[in-house]
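Have a look at the structure below, then the notes.
The values are calculated or read from the model by the stated rules, or taken from the named source; none is laboratory data. Note that the structure is a prediction, hence the values are computed from the model and not measured. Neighbour counts are summed over all protein chains in view; Cβ atoms, including those assigned to glycine, are modelled from backbone coordinates with ideal geometry. Quick note on the areas: whole protein, heavy atoms, side chains included, nothing else; ligands and nucleic acids left out. Shrake-Rupley method; radii C 1.70, N 1.55, O 1.52, S 1.80 Å.
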Amino acid sequence: MVEGKIVKVSGPLVIAEGMREANMFDVVRVGKNRLIGEIIEMHGDRASIQVYEETAGIGRGDEVVSTGAPLSVELGPGMLRGIYDGIQRPLESIFEKYGANLVRGIDEPALSREKVWHFDATVQPGAKVSGGDVIGTVQESDVILHKIMIAPKKKGTVISIASGDYKVTERVGQLELEDGTVEDLMLVQKWPVRVARPYREKLPPVEPMITGQRVIDSLFPIAKGGTACVPGPFGSGKTVVQHQLAKWSDVDLVVYIGCGERGNEMTDVLREFPELVDPHTGKSLMERTVLIANTSDMPVAAREASVYTGITIAEYFRDMGYSVAVIADSTSRWAEALREMSGRLEEMPGEEGYPAYLTSRLAQFYERAGKVVCLGSDGRQGALSAIGAVSPQGGDISEPVTQATLRIVKVFWGLDASLAYKRHFPAINWLNSYSLYRDRLSGWFEDKVSRDWMALTNRAMKTLQIEANLDEIVKLVGVDALSPSDRMTLEVARSIREDFLQQNAFVDTDAYTELEKQNALLKLIFSYEDKGRRALEAGADVQAVADLDVREKIGRAKSVPFAEYAAAYAAIDNEISDALAQLTAAAAQN
């Protein structure tokens with residue numbers, strides 16, 4: 001145990017001397033309240049420590065004690081349905097024991113030491129095991145089977161193991177390592193948050209993470225194991241988009257990180273998530289969710305810890321062979337914490353005062369995503385998808401955090417304040433958003449959904465781009481100056497925007513759209529275009545084609561239940577044909 005004395009306190013930064021025997025990233029206890037901190041710099045016997053709690057009352061001469069271990073998380077049964085702060089302290093348990101005020105220096109274990117779990121052993125004594133091998137299971141929630149694994153880098157022979165009811169710290173068996181030492185097998189293991197958990201092999205992402213959000217799945221898809229960012233100004237709907245992703249994405253687990261968010265936003269999450277019904281299981285969404293709650297009034301240093309804590313928990317579930325989504329809201333708050341700590345450390349600033357290593361830190365987070373072959377002898381595969389919200393001031397995406405993130409992630413869902421003000425949600429701007437997974441995932445969509453999936457979605461994107469170009473002309477000379485063909489393009493683009501891309505999160509039949517229904521809805525819109533253009537060629541008036549009553553039915557088609565959409569869409573298509581045939585006949589008579 002290393003003990004030192006404080007020589008300087010600067011907000012969340014504490015400098016202590018006499019720490020020569022300590023190591024980088026060791027967890028330390030600061031002052032008489034034993035505040036939790038982490039060593040982030042060493043200069044001789046002086047250690048720079050970022051403290052994860054309020055440092056008021058700490059002064060020169062106060063004691064600093066190193067624990068000799070890095071900042072780590074407890075991994076085991078009991079994490080699901082859990083609500084933690086940035087350093088994995090269980091907020092519900094603390095509330096029950098200490099009340100509403102979070103007392104400084106509280107050292108509450110992340111996993112309950114009293115709760116009993118039923119453990120079913122899946123190996124026998126004498127079995128040869130290595131890191132990642134599953135030795136038993138615990139039914140942690142109604143929807144998630146928790147797999148108890150040998151810790152990475154361990155290898156040996158199981159001496160004893162038995163099914164039964166255990167607390168997380170009780171011995172369920174013993175493992176003899178290759179060097180002859182014997183270790184107890186328990187339901188819990190620890191892992192340092194700054195170290196990525198190892199895997200056997202990283203695989204290319206070839207399967208989409210289906211979200212049910214039409215603008216995402218059809219135009220800007222994300223792969224399972226992929227990375228995405230959602231930048232946007234205040235009020236553009238970042239949180240709503242992330243809630244939709246958490247609720248509807250076809251992943252096994254969700255880790256939601258509230259990183260430096262406003263207290264009321266985090267409160268909404270804590271209230272809403274337990275009440276949301278998981279559409280895939282019919283159970284509470286919390287049955288497959290872990291929440292990390294770090295609000296803007298908490299010490300800034302804890303923002304960095306919350307991001308690493310969340311991604312480490314996600315990696316642990318990924319190692320069980322699950323598909324996990326990590327949703328971080330927002331990485332801008334983390335970057336602001338890095339900027340403040342960098343300034344207090346008197347480092348050379350980069351652009352807009354952010355540290356020069358900003359991109360490197362962001363990359364370390366997003367690079368832990370991916371689809372992998374997990375450790376273990378059964379060859380199971382898991383996927384970790386990382387989605388980060390970015391909150392650029394004033395919506396200026398040219399600022400350093402957004403630009404650094406864009407250099408790393410493969411999907412950019414750019415939220416637009418003007419769309420949000422028009423009540424167009426999700427307010428993802430189709431002109432500046434992109435997905436680098438589109439081509440890689442095209443084979444999956446064409447094989448699993450429809451052979452014309454890519455042709456239809458490419459046609460939709462092209463139509464929207466042409467509309468943007470025509471809008472410039474309309475602003476100058478008016479819509480009447482356009483040719484009938486161009487006016488038809490504007491009508492089809494309007495249908496794509498309002499009838500396809502716009503989605504109502506509060507209407508169940510519209511909040512989530514199956515891929516087959518998305519494909520059929522685009523087909524219906526383009527059927528109207530193709531038949532409308534033929535009518536124009538036959539002499540029909542473009543305004544009459546635009547004003548057809550059946551267009552209202554196209555707009556309402558997205559709310560048709562999935563079980564009924566095929567018949568309903570066929571009926572609308574027939575009605576389009578009949579209405580345009582009447583227009584064509586009338587034009588021929590004239």
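Those residues that are touching a residue at least 24 places away in the same chain (Cβ under 8 Å) and open to solvent by 50 Å² or more (accessible area, probe 1.4 Å), I need them from the range 562-580; list them, please.
Result: PHE562, ALA566, GLU575.
Within the range 305-314, does at least one residue satisfy the condition of being of a type in the set (A, V, I, L, M, F, W, C) and not in a helix (DSSP H, G or I)?
Start the filter on the range 305-314 by keeping residues that are of a type in the set (A, V, I, L, M, F, W, C), which leaves 305, 307, 311, 313-314.
Remaining after also requiring not in a helix (DSSP H, G or I): none.
No; the residues of the range 305-314 include none that is of a type in the set (A, V, I, L, M, F, W, C) and not in a helix (DSSP H, G or I).
Hey, does the range 40-52 have a residue that's closer than 19 Å to ILE106 by Cα, over 30 Å from the mean Cα position of the chain (by Cα) and open to solvent by 50 Å² or more (accessible area, probe 1.4 Å)?
Checking the range 40-52: not a single residue is closer than 19 Å to ILE106 by Cα, over 30 Å from the mean Cα position of the chain (by Cα) and open to solvent by 50 Å² or more (accessible area, probe 1.4 Å).
Which members of the range 320-353 meet the condition of being under 28 Å from PRO77 (Cβ atoms), open to solvent by less than 10 Å² (accessible area, probe 1.4 Å) and more than 15 Å from the chain's Cα centre (by Cα)?
Once the filter is applied, which keeps residues that are under 28 Å from PRO77 (Cβ atoms), open to solvent by less than 10 Å² (accessible area, probe 1.4 Å) and more than 15 Å from the chain's Cα centre (by Cα), the range 320-353 yields only MET320.
Give the residues of the range 148-201 that are over 24 Å from ILE87 (Cβ atoms), of a type outside the set (Ser, Thr, Tyr), assigned to a strand (DSSP E or B) and touching an Asp or Glu at 6+ places or on another chain (Cβ under 7 Å), sorted by residue number.
Listed by number, the residues that qualify are LYS155, GLY156, ILE159, GLN174, LEU175, LEU177, VAL182.
Check whether at least one residue in the range 63-84 is modelled with pLDDT of 90 or more, open to solvent by less than 30 Å² (accessible area, probe 1.4 Å) and in contact with a His (Cβ under 7 Å, 6 or more places away or on another chain), and report yes or no.
yes
Out of all the residues in the range 15-32, is one or more touching a helix residue (DSSP H, G or I) at 6+ places or on another chain (Cβ under 8 Å) and either closer than 18 Å to VAL73 by Cβ or touching a residue at least 12 places away in the same chain (Cβ under 8 Å) (or both)?
No, the range 15-32 contains no residue that is touching a helix residue (DSSP H, G or I) at 6+ places or on another chain (Cβ under 8 Å) and either closer than 18 Å to VAL73 by Cβ or touching a residue at least 12 places away in the same chain (Cβ under 8 Å) (or both).
What are the pairs with Cβ atoms under 9 angstrom where one residue, in the range 436-450, is open to solvent by less than 40 Å² (accessible area, probe 1.4 Å) and the other, located anywhere, is assigned to a helix (DSSP H, G or I) and among the acidic types (Asp, Glu)? Sequence gap at least six, or different chains.
From the range 436-450, the pairs are PHE445/ASP217; VAL449/GLU516; SER450/GLU516.
Could you give me the residue pairs with C-beta distances under 6 Å whose first residue belongs to the range 456-478 and is farther than 23 Å from GLU446 by Cα, whose second residue is open to solvent by 60 Å² or more (accessible area, probe 1.4 Å) wherever it lies, and which are 6+ apart or on separate chains?
From the range 456-478, the pairs are ALA468/LEU431.
Taking the condition out of contact with any Asp or Glu (no Cβ under 6 Å at 6 or more places or on another chain), over 24 Å from SER433 (Cβ atoms) and at pLDDT 90 or above, does ALA566 pass?
Spelling it out, ALA566 is indeed out of contact with any Asp or Glu (no Cβ under 6 Å at 6 or more places or on another chain), over 24 Å from SER433 (Cβ atoms) and at pLDDT 90 or above.
Spot the failing condition for THR137; the list is (1) surrounded by 18 or more Cβ atoms within 10 Å (Cβ to Cβ); (2) among the β-branched types (Val, Ile, Thr); (3) within 25 Å of VAL300 (Cα to Cα); (4) without any contact (Cβ under 8 Å) to a residue 24 or more places away in the chain, and only one is missed.
(3)
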